[in-house]
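Derivation of every value follows stated rules applied to the coordinates shown; laboratory data play no part. Quick caveat, the model's predicted, so the values are computed rather than measured. Every residue, glycine among them, receives a Cβ derived from its backbone with ideal geometry; neighbour counts consider all protein chains shown.
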Amino acid sequence: MERIIEFFNNFKAIYAVEFVLLAFAIFFALNILRKNNAKPILWVFVLYTIVISVMAFLSEGKIPSYMVLMFVGIFVVAVVSMFATEIKRAVWESTLKTPEAKHTDSRSDRDDAKVCINEIIKAVQSMSKNNVGAIIILANSNMPSAILDSGISVNSEISSELIESIFFPKTPLHDGAMIINDTRIQAAGCFLPLSQEINLPKELGTRHRAGIGITETINVTSIIVSEETGVISVAHGGKLKRYADTEMLKNTLRNFYWKEK
Amino acid sequence: MRKNEYRKKSNDFVSSLPYIFIAIILAAIVVIAINV
């Protein structure tokens, strides 16, 4: 007790700096655990920090302070590496403008967007009807060049005929993803990172995994048409919504082109 | 829409308050433990 009173009597500015930095680091780790429903690990972290601190206190300086900081640091690093994908997504979301925020102004932009929405819906529904597999990524200049370079640059206006032709089976580009940037088809046949989520339904194949995987790390939306069932799915933020109807597709595309409520 | 976003952000902040509190307590414990 005397040692604690002495600590407060000889309080130095460096202690306040240590406190603020540590509080931020601990809150950062706790927040990741909280958002990922990892509450048991959260309580282990809290207990672990308290035990290490009490041990350091009782050892009366025999456990050096850098050791204590190192032990707490190890846990923070462990949490960060466990949830690397989630952190990547959070950073993307906080630093990038969302695609929804882009088009709100001119009339001609809106007319262009309406045409694009109709063309995409027409193509997706036709492919769904004919059981043609497809994966379309709605991105706004936020697609990494590594992904764009893995496919073929198209840079063309959006038309349902072109989309259907690209995904027509046995054509060279049908197997990869199509990237739509704004009102143009930027690239096709692109390779995407696959989702490592283990709880996805077994009937979802590689195409769905790719569609979800890209939305886990980058703020984009994917529209996926299943080759086996023709079911249309929409993925955003690592979450997949299956059995998308016209209304859901329209809402997804409206959210991409502008926010309309 | 903006109202909803504002509400969502304020809900986020309120739900993270207990964790801010825990982080402050833990940081204080560690700082005291390493400096006494």
Selection from the range A:166-207 of residues that are among the small types (Gly, Ala, Ser), assigned to a loop (DSSP other than H, G, I, E, B) and closer than 17 Å to residue A:138 by Cα = A:176
Has the range A:162-170 got any residue that is among the aromatic types (Phe, Trp, Tyr) and touching a Gly at 6+ places or on another chain (Cβ under 9 Å)?
-> yes
Taking the range A:137-147 and keeping residues within 16 Å of the chain's Cα centre (by Cα) and at negative phi leaves A:137, A:138, A:139, A:140, A:142, A:143, A:144, A:147
Determine whether the range A:180-193 contains at least one residue that is acidic (Asp, Glu) and free of Cβ contacts under 8 Å to residues at least 24 places away in the same chain.
-> no
Evaluate the following for residue A:47: is it more than 21 Å from the chain's Cα centre (by Cα) and not hydroxyl-bearing (Ser, Thr, Tyr)?
-> yes
